[in-house]
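As structure tokens, the structure follows; a few thoughts come after it.
The values are calculated or read from the model by the stated rules, or taken from the named source; none is laboratory data. What you see is a predicted model, and the numbers here were worked out from it, not measured in a lab. As a convention, Cβ positions derive from the backbone with ideal geometry for all residues, glycine included, and neighbour counts pool all protein chains shown.
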Amino acid sequence: MNFRASKYFTRLLIYSLLIGSIPAIIVGIISYDKASSIVQDKVNQSSMATLQQTQLRMEQVLKTIDHSVTQYISSPLVMNAMALPYSASHYQVYNEMYQNMVRSQTFELTINNMTVLNLKGGWGVDNHNIFTFDEVRNLDQLLGYEKLPSFSQWVTDEDKSSPSISLVKKIPLNSLKADGLAIVTIAESQLAGLLAADNRIGSILVMDKDYRLLSRSDQKVQEFGLGQLVAEMHKRNDREGQFNVELDGDITSVILRKSSYNGWMYVSAISIKDITQDSRTIGWVTLIVCLITVLVTGGLALLGSRTFYRPVGQLVATMTDRFGEPPKEARADEFAMIGSRLQAMLQNESRLSAQLTGQVRDLKQFFVMKLIRGEERESELAVRLREYGYSADWEWHAVLAIQIDSLERSPYNENDRDLLLFAIANIAGELIPGEERLDPVVLEQSQITVVGGAGATDVAYKNRLFALAELIQQTVLQYLKLHISIGISLPHKRLIDIALSAEQALEALRYRIRFGPESVLFIDDVQPEDLVSSVFPHRAAKDLYDAVKLADRTKSDELLERCIELIFQEQADWRQYRMSLVRLYTMLIELGQSEATADTFPPDQEKQLFDRLLDLESQEEIRQWFSDVVIAPIMGRLEQQRKSHTKKISDQITELIEQRFDTEITLEACAKELNYHPNHLGPLFSREKGISFSEYLQNYRLQMAKMWLIETDMRIGDIAERLTYTNPQNFIRFFRKMENMTPGQYRELNGQHKI
């Protein structure tokens, strides 16, 4: 006895130690691994956010510089200066260019120097002085920018000792032949200042598209490591994202972002050692906690083993005294002996429990499924019903088919649908008395319940089933917070017709598209007696087509609602409703494809939209889907196309005015030139420019007159004649009206020439 007790006690102690220690060790290992992973993920996420902020701030500065330079070189002063040779008589123009250049450069733009070159005149202006090409030491480098393939491009200075970045723009913009160049230089130190603001851990580097290092936040990555980084980026084909690479002997986490603005690459490099520094501390703490846990567990295991073994020892002694020594094979330990004594007593009970508990419920549901599918034989039906405890005396039966209306505004998702249907089946089984139903089952996306009874009229049958359906709806809404619809079949006398009843109940649910969610639908009430030829509202659909084409959102919403109302106004087969909706959808999609320059929706998306249309279950869902998913994108594209067309026409008119302002140009002449009617061009030009054609022409002529008064020696009479005034006095009166002074006074005030 002592031998057996000590042997079991030892096993119990070891088992207790293992039970207490292994989970602690596993939890410690998992905790350390999880903590390390979380720390690295957090650092990577923080680095990605920091890198993105750095890119956005730097590109904001670059784009601001780009916009400022574009605005400056697009000014009439610079454009006109490109046609002037280098001469002392044009000093005022040069000086005004210099002043405007200085004013366009704010402290925030971090511009180191700005240079404007007149390629034809052989002179230029920068932040320091006005010069000729003979005075420029790096003239070949500057003139070489003319050969750049783009009208505007960021270039990198090849000088390794003091790298700098330059923005080169050709003057005029979008011209095949450049009359001049605008060159804005930014020092690398100024870019490094932008990087240093976000440098919390690791290094941030900026490279151009040719992998030349433009700037860095610090010097942590050495030249050899930089070469390894560039080689890895080559291998990855510049794909954006996070990857690990060995730099200068350390495994480094690298995050790469590529700019869509100028092709620069923004790189964040953080040593894994730096990332996991906190993780190592967590590891030591975890190890100490695990060791303490194991020691405490050992003490508790020793105390618990003694306590738990005491009743076992007493039981073994009692059974030995009562039944004598156990068989030889049961003497290995105490529980083997106890098991041998109890085995005989429990054997019979286990056999009976297995027979009783079995798979009775599953077999009953399987039987109901076979009935619904029409797989049972009528000759065996009565026997099977009695075998499973069902009533065989029903005089009628009907089927209730239940479907969930929608999960979109519920606390569930599509993965929960099957579980919800089983829950609804349990609710139906609880609410309907057992003698009035078969076991509820789930068939695909529906819950099917067979209900039956004896001696009921049509009215009583309908009232009973309607009351059950409403009770199920209310209970499901109360406990599951779900809206459901229920389809009910015609009553049938033979139970073998349950398959037909199930089809009718599911068919009734098809008409939910007309009656909306939370419906109780009897097949004989919703199924039309006579089929109508068509429920498609041709006139309303044509009006809707025209409203969408005209981008009238208010009218299109009203007509869409009218179309849907007319489609479901007639009692028709549910297939006709679907076909009318598909026809309306096809008509609107064809409008989008015929009016736009590209397909309104990609093929894959169009298939998804079509499938979604067939899944819509209520008129409100259909109206909302057509309005938001179909009509709104089509109208947006049409409106965008119209705006683009308006701008193009107005720009063509503006170009004609600038070319022929010194002729008798009229709106009618422009309309004839552009093949449009004047009544169409006039309002179109006014909407786009904000002023009428005649006002724009007068303002442009006034600007040209002011320029000639300042920059030329033309007589006022010649200017008036050049601007198509037959009488110089008319020109003088117009000038005084607009400028509150005569042309002569304006020339004396703003120019150096005499009348």
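When the residues of the range 53-67 are narrowed to those that are polar (S, T, N, Q) and either buried (at least 17 other Cβ atoms within 10 Å of the Cβ) or assigned by TED's automatic domain parsing to the domain that holds Tyr261 (or both), which ends up modelled with the lowest pLDDT?
At the first step, the residues of the range 53-67 found to be polar (S, T, N, Q) are 53-55, 60, 64.
Going one step further and asking which of them are either buried (at least 17 other Cβ atoms within 10 Å of the Cβ) or assigned by TED's automatic domain parsing to the domain that holds Tyr261 (or both), we end up with 54-55.
Numbers: Thr54: 81, Gln55: 77.
Among those residues, the one meeting the criterion is Gln55.
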Result of the Cβ filter at 6 Å on the range 63-78, keeping first residues that are touching a residue at least 24 places away in the same chain (Cβ under 8 Å) and partners that are in a helix (DSSP H, G or I) and of a type in the set (S, T, N, Q), at least 6 apart or interchain, is Ser68/Ser104; Tyr72/Ser104
Pick from the range 573-612, criterion modelled with pLDDT under 70, small (Gly, Ala, Ser) and in a helix (DSSP H, G or I), ranking: surrounded by the fewest Cβ atoms within 10 Å (Cβ to Cβ) = Ser594
Please name all residue pairs, on different chains or six or more residues apart, with Cβ atoms under 8 Å, provided the first residue is in the range 358-380 and is within 21 Å of Phe422 (Cα to Cα) and the second residue is of a type in the set (Lys, Arg) and modelled with pLDDT of 80 or more.
-> Phe367/Arg384
Breaking point among (1) over 19 Å from Gln576 (Cβ atoms); (2) out of contact with any Gly (no Cβ under 7 Å at 6 or more places or on another chain), for Ala505 | (2)
Within the range 733-752, restricting to residues that are out of contact with any helix residue (DSSP H, G or I) (no Cβ under 7 Å at 6 or more places or on another chain) and not in a loop (DSSP other than H, G, I, E, B), the one that is surrounded by the fewest Cβ atoms within 10 Å (Cβ to Cβ) is Lys737
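Restricting to the range 675-714, and then to whatever is assigned to a loop (DSSP other than H, G, I, E, B) and either touching a Lys or Arg at 6+ places or on another chain (Cβ under 7 Å) or in contact (Cβ under 8 Å) with a residue 12 or more places away in the chain (or both), can you tell me which residue is surrounded by the most Cβ atoms within 10 Å (Cβ to Cβ)? Please lay out each step first, then the result.
Taking the range 675-714 and keeping what is assigned to a loop (DSSP other than H, G, I, E, B), we get 675-677, 690-692, 712-714.
Keeping just the survivors that are either touching a Lys or Arg at 6+ places or on another chain (Cβ under 7 Å) or in contact (Cβ under 8 Å) with a residue 12 or more places away in the chain (or both) gives 676, 712-713.
Working: Tyr676: 16, Thr712: 13, Asp713: 12.
Here the answer is Tyr676.
State which residue is modelled with the highest pLDDT when the search covers only the range 685-714 and only residues that are of a type in the set (Phe, Trp, Tyr) and closer than 17 Å to Phe731 by Cα. Don't jump to the end; show me each part of the working.
Kept after step one, since they are of a type in the set (Phe, Trp, Tyr), are these residues of the range 685-714: 685, 693, 696, 700, 708.
Add one more test, that the residue is closer than 17 Å to Phe731 by Cα, and what stays is 696, 700, 708.
On the way: Tyr696: 86, Tyr700: 87, Trp708: 91.
Among those residues, the one meeting the criterion is Trp708.
Determine whether Ala551 is in contact with a helix residue (DSSP H, G or I) (Cβ under 7 Å, 6 or more places away or on another chain) and either at pLDDT 85 or above or in a loop (DSSP other than H, G, I, E, B) (or both).
Here the answer is yes, as Ala551 does meet what is asked.
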Which condition number does Ala508 fail, the rest of (1) free of Cβ contacts under 8 Å to residues at least 40 places away in the same chain; (2) closer than 22 Å to Ser618 by Cβ; (3) touching a helix residue (DSSP H, G or I) at 6+ places or on another chain (Cβ under 6 Å) being met?
-> (1)
Within the bounds of the range 417-434, is there any residue that is in contact (Cβ under 8 Å) with a residue 60 or more places away in the chain, surrounded by 12 or more Cβ atoms within 10 Å (Cβ to Cβ) and touching a Lys or Arg at 6+ places or on another chain (Cβ under 9 Å)?
-> no
Can you find even one residue in the range 376-385 that is modelled with pLDDT of 75 or more, closer than 30 Å to Ala499 by Cα and of a type in the set (Gly, Ala, Ser)?
-> yes
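Okay, residues lined up against (1) modelled with pLDDT of 75 or more; (2) assigned to a helix (DSSP H, G or I); (3) within 28 Å of Ile73 (Cα to Cα):
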| position | (1), (2), (3) |
| --- | --- |
| Lys170 | yes, no, yes |
| Leu173 | yes, no, yes |
| Ser189 | no, yes, yes |
| Leu194 | no, yes, yes |
| Arg200 | no, no, no |
| Ile204 | yes, no, no |
Test for Gly487: is it buried (at least 21 other Cβ atoms within 10 Å of the Cβ) and either within 40 Å of the chain's Cα centre (by Cα) or modelled with pLDDT of 80 or more (or both) | yes
